[in-house]
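Please read the structure below before turning to the comments.
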Ligand code: GLV
Ligand code: MN
Ligand code: MN
Ligand code: MN
């Protein structure tokens, strides 16, 4: 059995649901089990583990935050019923790449908390805290679906920005499974992350009886919502952007009642900020017009918006060359690497995903490609 298969089999059952997908929400039992696994892997390699007070874990070869350290790693948390590779592949690969390189090199491995925003709503929460992109009080107050706050889950108010330490790092390299049928060789290098964001949309109407309320008398927010979902899809297709409504709440959520409220989350992404702004503006205009016709109200508020990330081009080209002219490609998925890239030289390696499916139990990568990814990461760590 290869070293990769051996380690992968250790974590594969943790947090796996009957769907075959994963429920590895930040700071819940499966993710805490993965953190214990992280500590034990670090201990086996005589790497000291530190916690930054924001929920992020770091394993160090060399003194913590020593100048010139190269950081790698990713995240353990998943979206609801997500794949097992998105995140954990970057951490498992980091330990195995560390085994391949000269032991005198100063490296560190990160496990960032709440990268998906699957529990507390804001993606890349750990890296945003570490770099000061979100205030500790604001992060502490974010609540999960059961009303538990991030501060409660963490056990304290996060410690917040530590930019002086971050700036000691020579570079951050995140290895990640590719997520959109964009890579047809085992390993590629990232060029950019599309600007993207999440907006909460509230459609309020008048709850009433499904059997007795005349059709002409209704103020049904579900209609405004349905129209808005179609409008977002059309707007995205016209502009080459991506728009998704993947999470909905309905009140009172009864078969025989006209809803009083529909709440839906818009996830919107585009290759550039102007296109993203045009997409969201278009959705707002159409939803507002439609609400006027339905006698409902529409309100929208951003929950997190991330600007365009252009990774260091010279670094990406250098790494692609090191890897034998690996392809360089952009992505529509957000990553902690995007957050760190505002402060230190940052790069990403992508490992082929034959179907391109991600955020789904069907997410997959071949063992041989994962092993090629580990080789590539080891080469890149040596190169840096
Ligand atoms: C995180 O994976 C995201 O981009 O949604
Ligand atoms: Mn993801
Ligand atoms: Mn990820
Ligand atoms: Mn992500």
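The values are calculated or read from the model by the stated rules, or taken from the named source; none is laboratory data. Every value quoted in this text rests on a predicted model; they were computed, and no experiment measured them. A quick note on method: Cβ atoms are made from the backbone with ideal geometry, for glycine too, and the neighbour counts reach across all protein chains shown.
In table form, for the structure just shown:
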{"read-out": "Segment 287-325 - residue that is touching a residue at least 24 places away in the same chain (Cβ under 8 Å) and part of a loop (DSSP other than H, G, I, E, B) and, of those, nearest to residue 351 (Cα to Cα)", "value": "323"}
{"read-out": "Single residue of segment 165-196 satisfying the filter (closer than 30 Å to residue 28 by Cα and surrounded by fewer than 19 Cβ atoms within 10 Å (Cβ to Cβ)) that is farthest from ligand 4 (Cβ to nearest atom)", "value": "165"}
{"read-out": "Enumeration of residues in segment 290-309 that are within 23 Å of the chain's Cα centre (by Cα) and more than 24 Å from residue 121 (Cα to Cα)", "value": "none"}
{"read-out": "Residue within segment 89-99 that is surrounded by fewer than 19 Cβ atoms within 10 Å (Cβ to Cβ) and out of contact with any strand residue (DSSP E or B) (no Cβ under 9 Å at 6 or more places or on another chain) present", "value": "yes"}
{"read-out": "Out of 61, 24, sole residue that is buried (at least 21 other Cβ atoms within 10 Å of the Cβ), within 25 Å of residue 147 (Cβ to Cβ) and at pLDDT 95 or above", "value": "24"}
{"read-out": "Residue in segment 326-338 that is assigned by TED's automatic domain parsing to the domain that holds residue 116, touching a residue at least 12 places away in the same chain (Cβ under 8 Å), in a helix (DSSP H, G or I) and touching a helix residue (DSSP H, G or I) at 6+ places or on another chain (Cβ under 6 Å) present", "value": "yes"}
{"read-out": "Answer from 369, 294, 336 - the residue that is crowded, with 18+ Cβ neighbours inside 10 Å and within 16 Å of ligand 4 (Cβ to nearest atom)", "value": "336"}
{"read-out": "Residues located in segment 170-180, provided they are within 22 Å of the chain's Cα centre (by Cα) and more than 16 Å from ligand 1 (Cβ to nearest atom)", "value": "171, 172, 173"}
{"read-out": "Failed condition for residue 12, given (1) touching a residue at least 12 places away in the same chain (Cβ under 8 Å); (2) touching a strand residue (DSSP E or B) at 6+ places or on another chain (Cβ under 8 Å)", "value": "(2)"}
{"read-out": "Restricting segment 231-249 to residues that are in contact with a helix residue (DSSP H, G or I) (Cβ under 7 Å, 6 or more places away or on another chain) and not in a loop (DSSP other than H, G, I, E, B), the residue that is farthest from residue 331 (Cα to Cα)", "value": "231"}
{"read-out": "Search result, residues across segment 255-286 that are assigned to a helix (DSSP H, G or I) and touching a strand residue (DSSP E or B) at 6+ places or on another chain (Cβ under 7 Å)", "value": "276, 279, 280, 283, 284"}
{"read-out": "Enumerated helices (runs of 4 or more DSSP H) restricted to segment 110-159, each holding at least 2 residues that are under 15 Å from the mean Cα position of the chain (by Cα)", "value": "125-131"}
